[in-house]
Structure formats: structure tokens, C-alpha cells
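A.B. asks: Here it is, the structure, as C-alpha cells.
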Ligand code: SF4
């Protein structure tokens, strides 16, 4: 895994869910295999409910008790994260791998000042310069005031900058950003995404979860399109936007509000809950190109050049 910081192999995860007083097991991730090259911004994109957050929480070992990993490996620095005990994983989570959450308030302790929370990461009291440098990097101007503040005294954008500063202070190699701009207005969102791009320039690797393909187009090197627990298309961002292959990718692109005079097209239907068992291709109830085979046979992953696509349309055998 020389050039990759993270390799995920055949990862399947499901949940025990009680239905009619009986526990039943439903898959949320189905044999995901992905490689994440160092120093790149990788997108994981798709609608809500497609399994993006389950994927991130599996990497961070933050799954709820009713979840079960039934197969797979998550290789980070040549170790399978799934084999690491919780007490040892505390040296990885928040240190080597950090999370930028959707709601930054959830990651900050309301009882402590920003300064105390940043110093806690370093475990020393004499490293104020390191945290000041980190706050400068995330373009916080009134540093001394922010350091003395409690989380509730900061705006959403400022809190998200502090969270990004925390991952700089911890010197994490891998940053998982889970819809980091959802709670922010457009101009603040853009400045946060610019900050993430600057982290890439300084050698970090970011996995960015988003439902917004315009963010993928503007900021990400590789794009992984996810639908109901499968990666249905995986390519460079350039290729994905120039020649999208999977009907779901095409549908997401047609729903993007960027073409002058072109009427936006909604994707037919809605994403199903994981408790609904769909035979064949999971996208077939919503797919305009579906044929009979799609209703019964799960499509294979087809490798084509730098792209991998999971759709019968490209299976020539
Ligand atoms: Fe559509 Fe069939 Fe391809 Fe699934 S396999 S995306 S239903 S054409």
C-alpha cells in the first residue's frame, strides 16, 4: 500500500433491527473495496441513506451496538483497524485519523474553552505556539479572543474552523470530513472547503462525504458514488464529470443546478430504507435504463481504465 494511506477490502456491515418483535439483520455496506491514495481529496457521494456515514463510522469504530461487521479489512499503515482493540484505537482516533463532523458543536465540549480543548490534544501546557499557528492556518484573526471563548460563543463557521485546527494540531494524516459544510451558509462553506484544499497541499489525505456533486467537481481528485451500500462508480473526478457511466451518476448530474436554461431533472422515486430487500441491482426501481436482468442479478464491478462501474450495461460477458 505504498501510495495508499487506506485500503478497504470487501467490507460488509449490517444492523440488527427489530421488526414485529423479531431481530432481523440488514446490510448497510455490501462488500466495499476502495483504495485511498495519499495526499488526495477523495469524495464519497450519494443521497442521504446510501451508507456514507456508516462507512466513516466503521473506519472510526464508532458503530452502534446493533451493528455487525461480517467481512472485510480496513488497512491503515499496514494494520487492519478492525483487529485493533478499543483501548489501542484511542491512539489512532482523533490523532492519526480525525473527523470533521457535520455539526461542529457535537465535537466540542461546551464546558471547556477552545484553548483548553486544543491544549488537551497536545497533552502539554507549554505548546501555545502550536495551537496559535494552527488557528492562523485556518484563518482565524482574533486568535486570543477565540482561545478564551466557549463553543457556544462562536458562529458555526468559526466552530468548524476550530475543528479543522484540531486536526492540524493532532497532525492527523487522514481526515474524514462528514458533510462538513451542511450547517453553513454558502460563502462560509466555500471558505471551509478552500481550507480543506490547503490541507491537501500540505500532504494530508481527506475523505469528503457529500451529497453535493458540485463540491466533488470543484474540490476532489477522485469520486466514489455510493448507492444503498455499494460503490456503483469510482473514477477520477475529471473523468466522472466528462463521461459519467452509471445511470445513478448520470441522474445525480442531471439534478445539478448549473446549466443555463436546462430544466433540472429529479431522480425518479426515493432511496429505499435498508430494511427493504431489493433483488438484483439495488438501483433498478429508479433506473431509466433497467432491463429484466437488472431485477434479478446483482451487477458485477467492471474495471475500465481508471474507472470501476457496477452496472449490467457495461458487462460484455
Ligand atoms: Fe440500471 Fe440495470 Fe445498470 Fe442497475 S444494472 S444501474 S438497473 S442499467
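A.B. asks: When you look at residue 165, is it modelled with pLDDT under 90 and under 20 Å from the mean Cα position of the chain (by Cα), yes or no?
C.D. replies: yes
A.B. asks: Taking into account only those residues within the stretch 46-59 that are touching a helix residue (DSSP H, G or I) at 6+ places or on another chain (Cβ under 9 Å) and at pLDDT below 95, which is surrounded by the most Cβ atoms within 10 Å (Cβ to Cβ)?
C.D. replies: 46
A.B. asks: Here are some conditions: (1) under 21 Å from residue 229 (Cα atoms); (2) within 16 Å of the ligand (Cβ to nearest atom); (3) surrounded by 12 or more Cβ atoms within 10 Å (Cβ to Cβ). Residue 254 meets all but one. Which one does it not meet?
C.D. replies: Status for residue 254: all satisfied but (1).
A.B. asks: Which members of the stretch 279-317 meet the condition of being near the ligand (Cβ under 10 Å from one of its atoms), in a loop (DSSP other than H, G, I, E, B), free of Cβ contacts under 8 Å to residues at least 60 places away in the same chain and in contact with a helix residue (DSSP H, G or I) (Cβ under 8 Å, 6 or more places away or on another chain)?
C.D. replies: If the condition is that a residue be near the ligand (Cβ under 10 Å from one of its atoms), in a loop (DSSP other than H, G, I, E, B), free of Cβ contacts under 8 Å to residues at least 60 places away in the same chain and in contact with a helix residue (DSSP H, G or I) (Cβ under 8 Å, 6 or more places away or on another chain), then 280, 281, 283, 287, 288, 289, 290, 291, 297, 299 are the ones that fit.
A.B. asks: Quick one: which residue in 68, 95 is at negative phi, under 24 Å from the mean Cα position of the chain (by Cα) and assigned to a loop (DSSP other than H, G, I, E, B)?
C.D. replies: Going through 68, 95 in turn, the sole match is 95.
A.B. asks: Taking only the stretch 174-199 into account, find how many residues are surrounded by 19 or more Cβ atoms within 10 Å (Cβ to Cβ), touching a residue at least 60 places away in the same chain (Cβ under 8 Å) and under 19 Å from residue 38 (Cβ atoms).
C.D. replies: Residues that pass the stated criteria total 5.
A.B. asks: May I ask you to verify whether residue 269 is away from the ligand (no atom under 11 Å from the Cβ), touching a residue at least 12 places away in the same chain (Cβ under 8 Å), assigned to a loop (DSSP other than H, G, I, E, B) and within 20 Å of residue 28 (Cβ to Cβ)?
C.D. replies: yes
A.B. asks: Within 14 Å of the ligand (Cβ to nearest atom), touching a helix residue (DSSP H, G or I) at 6+ places or on another chain (Cβ under 6 Å) and closer than 21 Å to residue 48 by Cα: does that describe residue 225?
C.D. replies: The answer is yes for residue 225.
The values are calculated or read from the model by the stated rules, or taken from the named source; none is laboratory data. Keep in mind the model is a prediction, meaning the values are calculated, not measured. In this analysis, Cβ positions are derived from the backbone assuming ideal geometry, glycine residues included, and neighbour counts consider all displayed protein chains.
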